[in-house]
Each structure stands twice: as structure tokens, then as C-alpha cells.
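Here is the structure we will look at, set down as C-alpha cells.
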Amino acid sequence: MCGRYAIALKDAPPELARAMEALKPGDGRGNIKTGGEVFPSDRVAALANSRQGRPRIFPMAWGYSLEGGKRIINARWETAADKPLFQDGMRRRRCLIPASCYFEWEKGREGRVKYAIGPREGGLMYMAGIYRLERRGEALVPAFAVLTREAAPQLAFIHHRMPVVLSPQSAGDWLDIGRPAEQVLVQARLDLEFWPA
């Protein structure tokens, strides 16, 4: 499960950091979060293919909007290709969500403990996502859901699910819609570490 994550531009490769910096508030596109803790419904920078088939940064809202104000922020990768809501995204609308870490809460006898979970070596990680275009007022807005998987053994005590985190090498494969989704998603990183947040 992934209900919040954080991004720090200092963790991003220079080219990606510059592209994200260009999306900061004041660019006429609305409030796009490029740093700090990210919450569902926030607009953030995500990587997806352009119409020419080249990866580039797009502002996207976190969560598919449903009737009644509900928002779907995650999708199980094991079943997403079979669900009508996610089928198109799995087939042809894949995206990557750059993150420094994500947050999860362990439920214990003395309350909840918040953990940050991220790469052992620091830096940026890429969460696999899917997106769709939603009509919001007069505009078409891309909205994404984070794909989740069974948690890595060292993280299962915190929560039984985790985002599908891809290495920089396999992240590019995820955007290649010619590659079967399952072939890429089984390469998910499990070598993440956790610390109290």
C-alpha cells in the first residue's frame, strides 16, 4: 500500500531535477508539488511517454476520481490488467512516479509508528504507475495510481503491501508498452530499507 511519499529534488539526476523544477507553482499550470511530502490528490511530476513515444515529465494528479468523491490511489499489479478501471493503463498508459521514499504506518499496541522506506544507497526511486485522462471542469487532467505488490520480507511487519519500485534500469522498460507488464514488474526492487519518520 502507498498512501504518502516524499520527493526531494536533491535526490534526482540533474536533467530530471531541472524538468521538475520547471513545473513549480507560478508556471500557469496550477499548484504542482515538486518537493516534500506528497498526499493523494496532490498534483506532482510523473514520467510518461509523449505522443512521439519519448519519456518526459508531465504534471499528474495522484488518484483516479470516482463518483461520490472517492479516489483510487493504488492498484494491485497482480490483478490490474483484469480490472476494467485499470486495463487501459496497464496496456498503454504507464508512468513512473519519482520518489525519495514512501511512508507506511505500523499498527502496534501503543499506537501507530510512521516509517520512511527507500533505497539503501539513497537517491531517487521510481514507483510504477498507470494513468488515465479525467475531465475536471473544462480540462482533461492526467491522474495516476501507484501499482502495489506483496511486501518484501523485511517490510512485511509494517504492512503486507508495498509500491512496485523499479530500478533506474528497469524503469525505462516500464514505459516501453511493447514489453509485457508482468515481464517488467517482476524486476521490482526489494532491497529497500526503513527508518522511523
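Is there a residue in the range 95-110 that is surrounded by fewer than 15 Cβ atoms within 10 Å (Cβ to Cβ) and assigned to a helix (DSSP H, G or I)? Within the range 95-110, not a single residue is surrounded by fewer than 15 Cβ atoms within 10 Å (Cβ to Cβ) and assigned to a helix (DSSP H, G or I). The sole residue among Tyr102, Tyr115, Tyr131 that is at pLDDT 95 or above, under 23 Å from Lys33 (Cβ atoms) and over 17 Å from the mean Cα position of the chain (by Cα) is Tyr115. So in the range 147-179, with the set limited to residues that are in a strand (DSSP E or B) and either charged (D, E, K, R) or within 20 Å of Ser50 (Cβ to Cβ) (or both), which one is least open to solvent (accessible area, probe 1.4 Å)? Filtering first and then ranking leaves Leu166.
Considering only the range 106-119, state which residues are touching a residue at least 40 places away in the same chain (Cβ under 8 Å), more than 27 Å from Glu182 (Cβ to Cβ) and not hydroxyl-bearing (Ser, Thr, Tyr). Hits for the range 106-119 are Glu106, Val113, Lys114, Ala116. Consider the range 120-144 and keep the residues that are of a type outside the set (D, E, K, R) and either over 19 Å from Ala46 (Cα atoms) or free of Cβ contacts under 8 Å to residues at least 60 places away in the same chain (or both). The one that is surrounded by the fewest Cβ atoms within 10 Å (Cβ to Cβ) is Gly137. The condition of being open to solvent by less than 60 Å² (accessible area, probe 1.4 Å) and in contact (Cβ under 8 Å) with a residue 60 or more places away in the chain holds for Gly63. Scan the range 75-93 and tell me whether some residue there is closer than 23 Å to Asn31 by Cα, within 14 Å of the chain's Cα centre (by Cα), touching a residue at least 60 places away in the same chain (Cβ under 8 Å) and in a strand (DSSP E or B). Within the range 75-93 (the criterion being closer than 23 Å to Asn31 by Cα, within 14 Å of the chain's Cα centre (by Cα), touching a residue at least 60 places away in the same chain (Cβ under 8 Å) and in a strand (DSSP E or B)), the answer is no, since none of the residues qualifies.
The values are calculated or read from the model by the stated rules, or taken from the named source; none is laboratory data. Remember, it's a predicted structure, so these values are computed and weren't measured experimentally. Positions of Cβ are generated from backbone atoms using ideal geometry, with glycine treated the same way; all protein chains shown enter the neighbour counts. Just so you know, the surface numbers come from the protein's heavy atoms only, side chains and all, with ligands and any DNA or RNA stripped out. Shrake-Rupley method; radii C 1.70, N 1.55, O 1.52, S 1.80 Å.
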